[in-house]
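Heads up, the thing below is written out as structure tokens.
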């Protein structure tokens, strides 16, 4: 059966196996593929950190557990859903982290905002420091929360989530940074 999912300009079609082979857990590879589909569906030029945050929250129970209860998580999801249906936070006209130097990793290349690429690289480094070969959802959430300038942190801030406290909770839960 032919894949009916159109490709984003200058981006290869989703490929779970390639993402998994690039040092991501199977769960994180699925979340990344979901973020790619979300960006395509939303008409965004690139996968950004808000796409990654949205997919992580939807797919990873460990990521959801890092938040301070249901109401906080509901507020974050509310902002993300508003954004995905064209209301609330709108970023389609600008590239996230355009002022930053693009970081390209095996898991994140063309079709990714510079901030999303940096978050993916940060997740891989964090996993390596923990002695893991593959980055998981908590690794990516920690990398997102650490970037005070990314869209994911803007969503967290608007939803009343302290990104620094969230990052600390993730570090404490894993026993390392």
Counting only residues that are part of a helix (DSSP H, G or I) and in contact with a helix residue (DSSP H, G or I) (Cβ under 6 Å, 6 or more places away or on another chain), the stretch 120-177 contains a total of 24
For residues in the stretch 17-33 being surrounded by fewer than 22 Cβ atoms within 10 Å (Cβ to Cβ) and either farther than 12 Å from residue 135 by Cα or under 11 Å from the mean Cα position of the chain (by Cα) (or both), which is modelled with the lowest pLDDT?
-> 17
Enumeration of residues in the stretch 91-135 that are modelled with pLDDT of 50 or more, surrounded by fewer than 16 Cβ atoms within 10 Å (Cβ to Cβ) and touching a strand residue (DSSP E or B) at 6+ places or on another chain (Cβ under 9 Å) | 125, 128
Run residue 162 past the list (1) under 18 Å from residue 69 (Cα atoms); (2) surrounded by fewer than 16 Cβ atoms within 10 Å (Cβ to Cβ); (3) modelled with pLDDT under 90 and report the number of the one that doesn't hold.
-> (3)
So residue 14 fits all but one of (1) at pLDDT below 80; (2) touching a strand residue (DSSP E or B) at 6+ places or on another chain (Cβ under 9 Å); what number is the exception?
-> (2)
Among (1) part of a loop (DSSP other than H, G, I, E, B); (2) modelled with pLDDT under 90, where does residue 79 come up short?
-> (1)
Kindly establish whether residue 171 is touching a residue at least 60 places away in the same chain (Cβ under 8 Å), out of contact with any strand residue (DSSP E or B) (no Cβ under 6 Å at 6 or more places or on another chain) and under 23 Å from residue 24 (Cβ atoms).
-> no
For residues that are more than 19 Å from residue 26 (Cα to Cα) and more than 11 Å from the chain's Cα centre (by Cα), tally how many sit in the stretch 40-64.
-> 7
The stretch 136-159, residues that are surrounded by fewer than 20 Cβ atoms within 10 Å (Cβ to Cβ) and either closer than 19 Å to residue 23 by Cβ or without any contact (Cβ under 8 Å) to a residue 12 or more places away in the chain (or both) = 157
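The values are calculated or read from the model by the stated rules, or taken from the named source; none is laboratory data. Keep in mind that this is a model prediction, so the values were computed, not measured. Note: ideal-geometry Cβ built from the backbone for every residue, glycine included; neighbour counts use all protein chains shown.
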